[in-house]
1. If P341 satisfies every condition in (1) in contact with a Leu (Cβ under 9 Å, 6 or more places away or on another chain); (2) modelled with pLDDT of 90 or more; (3) open to solvent by less than 40 Å² (accessible area, probe 1.4 Å) but one, which is the exception?
2. Going by the conditions given, is L52 open to solvent by less than 30 Å² (accessible area, probe 1.4 Å), modelled with pLDDT under 90 and out of contact with any strand residue (DSSP E or B) (no Cβ under 8 Å at 6 or more places or on another chain)?
3. In the list S123, S155, which residue meets the criterion of being in contact with a Pro (Cβ under 6 Å, 6 or more places away or on another chain) and not aliphatic (A, V, I, L, M)?
4. Which pairs turn up if I take residues in segment 136-162 that are under 21 Å from V91 (Cβ atoms) and open to solvent by 30 Å² or more (accessible area, probe 1.4 Å) and look for partners that are in a helix (DSSP H, G or I) and of a type in the set (V, I, T) with beta carbon separation below 8 Å, at least 6 apart in sequence or on another chain?
5. Inside segment 263-304, can you point out the residues that are touching a residue at least 60 places away in the same chain (Cβ under 8 Å) and either open to solvent by 70 Å² or more (accessible area, probe 1.4 Å) or in contact with a His (Cβ under 8 Å, 6 or more places away or on another chain) (or both)?
6. Working carefully through the options A353, A336, A365, find the one that is at pLDDT below 90, in a loop (DSSP other than H, G, I, E, B) and either hydrophobic (A, V, I, L, M, F, W, C) or surrounded by fewer than 22 Cβ atoms within 10 Å (Cβ to Cβ) (or both).
7. Does any residue of segment 228-250 turn out to be touching a Phe, Trp or Tyr at 6+ places or on another chain (Cβ under 9 Å) and modelled with pLDDT of 90 or more?
8. Out of (1) open to solvent by 20 Å² or more (accessible area, probe 1.4 Å); (2) modelled with pLDDT under 90; (3) more than 21 Å from I277 (Cβ to Cβ), the odd one out for V374 is which?
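The values are calculated or read from the model by the stated rules, or taken from the named source; none is laboratory data. These numbers were taken from a predicted model, which means no experiment stands behind them. Reconstructed Cβ throughout: ideal geometry from the backbone, glycine too, with neighbour counts over all protein chains shown. For accessibility, only protein heavy atoms count, side chains too; no ligands or nucleic acids. Shrake-Rupley method; radii C 1.70, N 1.55, O 1.52, S 1.80 Å.
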Amino acid sequence: MRRIHVGNALSAFGLGFTVPYLYVYVAQVRGLGSMTAGLVLAVFAVAALIVLPFAGRAIVRRGPLTVLLTALVLAAIGAMGLGLAADAPAVLTAAALLGAGQAVMQPALATMIVDCSAADTRSRAFAMQFFLQNLGLGIGGLIGGHLVDPSRVSSFTLLFAIEAGMFLVLTAVMATVRTPGVSRVAGAQADGAQGPGSGLRVLLGDRAMVRLGVLGFVMFFACYGQFESGLSAYGVEAAGISTSTLGTCLAANTLMIVVAQFAVLNVVERSSRTRVIAVVGLIWAVAWLVAGYAGLGDGGRAVSTAAFVSTYALFGLGEAMLSPTVAPLVADLAPAGLAGPYNSAFALVKQLALALGPAVGGPLAAAAPGPYIVTFVLVSLGISVLALRLGRRLTPVQDRPWRGRNRVVARGVAVDPGAVAAEA
């Protein structure tokens, strides 16, 4: 588990070097124009949508480690290719490799965390993963900002070389990991999941997982899908926020996650998962209202700026509450041997939301700032409603796993877990 966490941090550190500067690199430094830069960002999303439906089956058949190592090599080739590419076809091809590799890493790493953790340690494992990802992205972006020089192509080539190097170092670290192999085909065969498409049939027949997928889409659409599109456009156009302040907003989001992650963990671990998600919906509704207040500008530029930075911080608080809640719930819903397909399906839902979020939010924020805020206040409240409705589909142990753990062992006397589940 420690090696997996080191791998997460290294991967995020490498991505932090390049992600904030990708648009500038393609459009201005390479002189390929804003159209090509936009296509590069679209290729990332399309590549993810293409490979993720196959990632779950590959994890079941080959194991998450094999899939992860393959994804890391693809990502390293793509990153180095971006650093060396000088024309549009080469840039787009490299972006497709990097996007596919990054997309497959997520469910593979999540499945390895499931295989290497128990029910009583899983929430903390995913919280640590999210913490290290944000810390790595923040540090990588900070260092990369000091290395990059828009007047020198070689400085960007160095950034992409560092990113590729991080992926290769991560490949070496992950190659030493030995997992229990629960997610491989043997485990799937035990549940009759070895046939083509059977994992998908099981997943689609799991009404709780389908509801969680819908809820996940709404959450990612209303939060991550707006960060760099609708919300930033609203801040610049309606609230008068400078582009440099947007960097401060993202820093506030990351800082809140890093500071709050383990502070909220003890509370989250002792609460109903669906109620935690419902509270996050309320927090995000408040965040959108604060953003709306920033757009009014009643308190002057300084107050509007502070309010807008607070919006990103509130989103970060919600994210810190979700990281030890949603991913472990996906793992607990997955039958034995199907953690890979379940994680891949949820990652696909996330990618769909991230692709559609900017397409809807950006134009709406630019054309109608007021309705944009009202829409996402209502969407955030919808998260709370969907979460509470999901709670009716979960077993008591799935929604409140700490109850089952507390009652399985009482005063040092072992109790039959089946009896506990039946009693619950």
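1. Just one mismatch for P341, condition (2).
2. When the stated conditions are applied, L52 passes them.
3. Working: S155 fails: in contact with a Pro (Cβ under 6 Å, 6 or more places away or on another chain).
Sole residue among the options that is in contact with a Pro (Cβ under 6 Å, 6 or more places away or on another chain) and not aliphatic (A, V, I, L, M): S123.
4. P150/V24; P150/V29; V153/V29
5. Passing the criteria: R270, R275, L282, L289, R301.
6. Details: A353 fails: in a loop (DSSP other than H, G, I, E, B); A365 fails: in a loop (DSSP other than H, G, I, E, B).
Testing whether each residue is at pLDDT below 90, in a loop (DSSP other than H, G, I, E, B) and either hydrophobic (A, V, I, L, M, F, W, C) or surrounded by fewer than 22 Cβ atoms within 10 Å (Cβ to Cβ) (or both) leaves just A336.
7. No, because not a single residue in segment 228-250 is touching a Phe, Trp or Tyr at 6+ places or on another chain (Cβ under 9 Å) and modelled with pLDDT of 90 or more.
8. Single failed check for V374: (2).
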